[in-house]
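Right, one structure below, let's go through it.
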Amino acid sequence: MFATHAPLAALTPREQAVCRRILLGFSSEAISQALGISLHSTLTYRKRAYERLGISSQNELFGIVLRLLAGPRSLN
């Protein structure tokens, strides 16, 4: 999904890796450990990804993914 669906495809590979783990419920510390990067780097990648996506929270990230999974159908 991240590689082929806008707006997620616009993220860098590292931003995608961080967002995938956010969606899996990882804490920032766990993401840092899993990716072998510092906590500061994890927070920076999250911030940049959210900026690219035009969002400001984890809930909004989930919303993007849910809309993509729902496809063109209306959620009404």
Within the bounds of segment 66-74, is there any residue that is at pLDDT below 95, surrounded by 14 or more Cβ atoms within 10 Å (Cβ to Cβ) and either in contact with a helix residue (DSSP H, G or I) (Cβ under 8 Å, 6 or more places away or on another chain) or of a type outside the set (Phe, Trp, Tyr) (or both)?
yes
Residue list for segment 6-49, restricted to those being in a helix (DSSP H, G or I) and either touching a residue at least 40 places away in the same chain (Cβ under 8 Å) or exposed (fewer than 14 other Cβ atoms within 10 Å of the Cβ) (or both)
Leu8, Ala9, Ala10, Pro13, Cys19, Leu23, Glu29, Ala30, Gln33, Leu39, His40, Lys47
Residue list for segment 1-44, filter: at pLDDT 95 or above, of a type outside the set (Gly, Ala, Ser), closer than 17 Å to Val65 by Cβ and within 11 Å of the chain's Cα centre (by Cα)
Leu11, Glu15, Gln16, Val18, Cys19, Arg20, Arg21, Ile22, Leu23, Leu24
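The values are calculated or read from the model by the stated rules, or taken from the named source; none is laboratory data. Note that the structure is a prediction, hence the values are computed from the model and not measured. Positions of Cβ are backbone-derived with ideal geometry, glycine not excepted, and every protein chain shown enters the neighbour counts.
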